[in-house]
Amino acid sequence: MTYDNRQRQEAARATRARIIDAARTSFLSRGFGGTTIRQIADAAGVSQETIYKTFGGKAALLKSVYDVTLAGDDEAVPLAARPEALAVRDATSPAAAAAAYAGLAQLISSRIDPLLRVLLGSRDTDTALAEFARTTERERHVGSTFYVRQWEQAGWLRDDITTEQAVDSVWALNSPQPRWLLLDHGWSEEQFTQWLADLICHAIFRPQDDVRDGQAIDPDRATSARTGSRRPTRGKTSAG
């Protein structure tokens, strides 16, 4: 019985992978609006009913394609638990953290950019794509919040910005638009990654002279400055 269950699970997983691959190919070549569930079903060798039962519809299937593409596989391992993300968490200095974060951002971007370039161009005319864009932006903001909170606890953030401003700065710098603008202008991925790391350092981190052995010289002063009245926050909270 256990063997039969394992076989069924493996078969279901293989079917899911075929559907995701077929959907990704169709989204890239036809766009979201030009793709139908029937086309995906035919390419994956499954019924339309199987797709609806597995994913719930085309919009939900698109989100699954995005998530698998972003992670690089369909393994049940959260992105935060993968080596490239752990390198950001385990960084022992602001410069190392910025470099690791920029490297993670570039790795993810190299996977999802082809899909996003096709999809986001039509978000103003398709409500499903507009919601997809809002969802992925919220998720990116959550990721920025996760790391900035860690850096705040280490006492690395500048005194003259709030935590919310630091989160928004990282979120904005790592958005697709500046990346595509520079890459399309002839920058290499390595140049962009270095630029992103440098800009994060300048935008949110305290000067290196204020940090010793991975800790701020006076982290309490930095935290109190951001939570005091020096600059008002916008009351923004991250979603998800």
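The figures follow:
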item	result
Helices (runs of 4 or more DSSP H) contained in region 133-215 and holding at least 2 residues hydrophobic (A, V, I, L, M, F, W, C), surrounded by 18 or more Cβ atoms within 10 Å (Cβ to Cβ) and at pLDDT 95 or above	163-173, 189-204
Cβ-Cβ under 6 Å pairs, at least 6 apart or on other chains, region 71-92 side outside the structural domain of ARG24 (by TED's automatic domain parsing) and at pLDDT 90 or above, far side small (Gly, Ala, Ser) and part of a helix (DSSP H, G or I)	ALA87/ALA100; VAL88/ALA100; ALA91/ALA97; ALA91/ALA100
Per-region count, region 149-165, residues more than 18 Å from GLU139 (Cβ to Cβ) and under 19 Å from the mean Cα position of the chain (by Cα)	2
In region 44-58, the residues that are assigned to a helix (DSSP H, G or I), in contact (Cβ under 8 Å) with a residue 12 or more places away in the chain and closer than 14 Å to SER26 by Cβ	ALA44, ILE51, PHE55, LYS58
Residue selected from region 109-132 under the condition under 28 Å from CYS201 (Cβ atoms) and among the hydroxyl-bearing types (Ser, Thr, Tyr), by the criterion surrounded by the fewest Cβ atoms within 10 Å (Cβ to Cβ)	SER110
Of the criteria (1) in contact with a Ser or Thr (Cβ under 9 Å, 6 or more places away or on another chain); (2) in a helix (DSSP H, G or I); (3) of a type in the set (A, V, I, L, M, F, W, C), which one VAL88 fails	(1)
Meets criteria (in the same structural domain as VAL142 (by TED's automatic domain parsing) and either in contact (Cβ under 8 Å) with a residue 40 or more places away in the chain or not in a helix (DSSP H, G or I) (or both)) for VAL68	no
Qualifying residue in region 119-129 (condition: assigned to a helix (DSSP H, G or I), among the charged types (D, E, K, R) and within 28 Å of GLY33 (Cα to Cα))	no
Counted residues, region 12-42 - those being closer than 22 Å to ASP73 by Cβ, among the aliphatic types (A, V, I, L, M), surrounded by 16 or more Cβ atoms within 10 Å (Cβ to Cβ) and over 25 Å from the mean Cα position of the chain (by Cα)	1
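The values are calculated or read from the model by the stated rules, or taken from the named source; none is laboratory data. All values derive from a computational prediction rather than experimental measurement. Don't worry about glycine lacking a Cβ; one is built from the backbone with ideal geometry, like all the others, and counts go over all protein chains shown.
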